[in-house]
Amino acid sequence: MSYNNLSVYDYSLISNIKNYQVEYFCSSKYDYEEKNLNTNKIYHYSSKKGILKILSYLKSQFLLYRKIKLNQDKIRAIHFQWLKIPHLDFLLLKMISKKSEIILTAHNILPHGSGNKYRSIYKKIYHKVDRLIVHTNETKNDLVDLFEVPTNKIHVVPHGILDVLDQTENNRVLESAKMFNDLYGLNNKTVFSSLGSISSYKGIDIIINTWKKKELINRDDVVLLIAGSGKNEKLLELKGVNNAIVINRFLSSHEFLACVRMSDFILMPYTKISQSGILLTAIGEKKRVIVSNVGGLTEPFEIGEIGYVLDKVNSDSLGRAILRAIDEKDNYPDESVWTRLFKYYDWSNIGRKTELVYSV
């Protein structure tokens, strides 16, 4: 069901599964080169609104169910990457569990910003599927502790580096970077950025409160860049701040990558997360990060220091980290650190580990 930046994950994974024939059911907005992928663009709900969105999703899930029913003798397993309407999806899982084994990747154990609203239904889902893939050991432990999932059905497979260069024309990325630089005068300044959808769990309020401190708001050698779609009233507090830039709209793939490349440090003071695609994109571009100690955000630091980990998720801690980053901006990680990270998050390795889950 992925498209735009998210679809890079699906493309990279499927392209590195070598020993199984994969049939891919995806969004009509899936926008990367299909090459040899056996692709079925059955999901259209993202272009709908209201009840039409739900009806469209139900129709797509029915098409998927019918495909499974007609071909159940040929199917080794059904691997779900995303579930969009969990209560309805649970009914689908019950129907197809008698026809094939089901694997679910739990990118996050609960939907972002949902609190405990979906906790009970996801507990049912996690117990209904045959195997679960998670990206970090911490997420595995959370599934065991919070949802009482047996450890032997949970498999840890890293989230690979999201490198969109193969799918995005590099000259368009360069054009976008030049446009942003010319428009906002970012050259020769240290850029701290918060990128992607603007959601409360990403600590936008913490970032803005931090930037309003006198140690940062009056500096002309640093810039805060917030770019992405979403509503948050805190953004209004940056209006008129000379060293803060807000691009509050959807970013195309090449614009997003341009913002990553223009950044010196990616800010991720997340309050809750399992694993982040933005983190893996930053690593792919060899960008340093400032992260909170939640989910899998600190996992790369076990391999090498690529920035700073906050001791607390608040503006004081983030402020200290940013000031330290400014002072140490020329202290880049050794190239061997990136080499080790690229090896750990290599998609061919991830493809092999995923195939092992299929073969259980």
- Residue-normalised accessible area of the chain, given per residue in Å² at a 1.4 Å probe: 49
- In whole Hz, the Karplus estimates of ³J(HN,Hα) for the range 220-233 (6.51, -1.76, 1.60; θ = phi - 60°; x where Gly or Pro) are 10, 9, 10, 9, 9, 10, 10, 9, x, 8, x, 9, 7, 5
- Note on the structure: Here the Kirkwood hydrodynamic radius of the range 13-64, Cα-based and in Å, equals 12.3
- Query: Can you pull the accessible area of ARG324 for me, 1.4 Å probe, Å² to the nearest 10?
  - Reply: 130
- Query: ARG324 to LYS213: extension gain in nm, 0.36 nm per residue of separation minus the Cα-Cα distance?
  - Reply: 38.5 nm
- Message: Could you work out what % of the accessible surface of the range 1-126 is carbon and sulfur, using a 1.4 angstrom probe and leaving DNA, RNA and ligands out of the count?
- Response: 52
- Message: Skipping prolines and chain starts, which residues have an amide H placed within reach, meaning under 5 Å, of the one on THR39, given they are 5 or more residues away or on another chain?
- Response: TYR24
- Which residue fluctuates the most in the chain, going by a Gaussian network model with Cα springs under 10 Å, if the choices are LEU13, LEU224, LEU70? LEU70
- Taking only DSSP H segments of four or more residues, each worth -39500 (n - 2.57), what value at 222 nm results for the chain once the sum is divided by all its residues, to the nearest 500 deg cm²/dmol? -12000 deg cm²/dmol
- Taking the Cα-to-Cβ direction at LYS41 and at ARG340 and moving 7 Å from each Cα, how far apart do the two end points lie in nm? 4.3
- Message: Given the range 193-254, report the % of alpha carbon pairs whose separation exceeds 17 Å.
- Response: 34
- Query: D for the range 263-358, whole µm²/s, Stokes-Einstein with Kirkwood Rh over alpha-carbon pairs at 10 °C and 1.306 mPa s: what number?
  - Reply: 112
- Over 22 Å between alpha carbons, listed pairs LYS18/LYS353; LYS48/LYS98; LYS202/LYS231; LYS214/LYS329: LYS48/LYS98
- Work out, step by step, the length gained on full extension between GLU101 and TYR184: first 0.36 nm times the residue separation, then minus their alpha carbon distance; give nm to one decimal. 24.7 nm
- Note on the structure: About its Cα centre, the chain carries a charge dipole, from +1 on Lys and Arg Cβ atoms and -1 on Asp and Glu Cβ atoms, whose size in debye to the nearest 20 is 1800
- Note on the structure: Here the chain gives, from Cα atoms, an Rg and Dmax in Å of 21.0, 67
- Message: I need the phi-derived Karplus couplings for the range 178-189: 6.51 cos²θ - 1.76 cosθ + 1.60, θ = phi - 60°, integer Hz, Gly and Pro marked x.
- Response: 5, 4, 5, 5, 5, 6, 10, x, 8, 4, 6, 10
- For GLU148 the rounded accessible area (nearest 10 Å², probe 1.4 Å, non-protein molecules ignored) is 120
- Kirkwood hydrodynamic radius of the range 19-148 from all distinct Cα pairs, in Å? 16.0
- Query: Taking Cα centroids, how far is the range 60-114 from the range 185-241 in Å?
  - Reply: 39
- Query: What FRET efficiency do you get for ASN116 and GLN72 if R0 is 45 Å and r is their Cβ-Cβ distance, rounded to the nearest 0.05?
  - Reply: 0.80
- Task: Return the long-range amide H neighbours of SER194 (sequence gap of 5 or more, or a different chain), with a cut-off of under 5 Å between placed amide H atoms.
- Result: LEU225, ILE226, ALA227, LEU267
- Task: Evaluate the distance, in nm, between pseudo-label points positioned 7 Å from the Cα of ARG172 and of LYS231 along their respective Cα→Cβ axes.
- Result: 3.0
- Query: To the nearest 10 degrees, how steeply does helix 253-262 sit against the main Cα axis of the chain, on a 0 to 90 scale?
  - Reply: 40
- Collect residues whose amide H, placed 1.01 Å from N in the peptide plane, falls under 5 Å from the amide H of VAL222; neighbours closer than 5 in sequence don't count. THR190
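The values are calculated or read from the model by the stated rules, or taken from the named source; none is laboratory data. Source: prediction; values computed, not measured. Don't worry about glycine lacking a Cβ; one is built from the backbone with ideal geometry, like all the others, and counts go over all protein chains shown. Accessible surface is based on the protein model in full, side chains and every heavy atom, while ligands, DNA and RNA are left aside. Shrake-Rupley method; radii C 1.70, N 1.55, O 1.52, S 1.80 Å.
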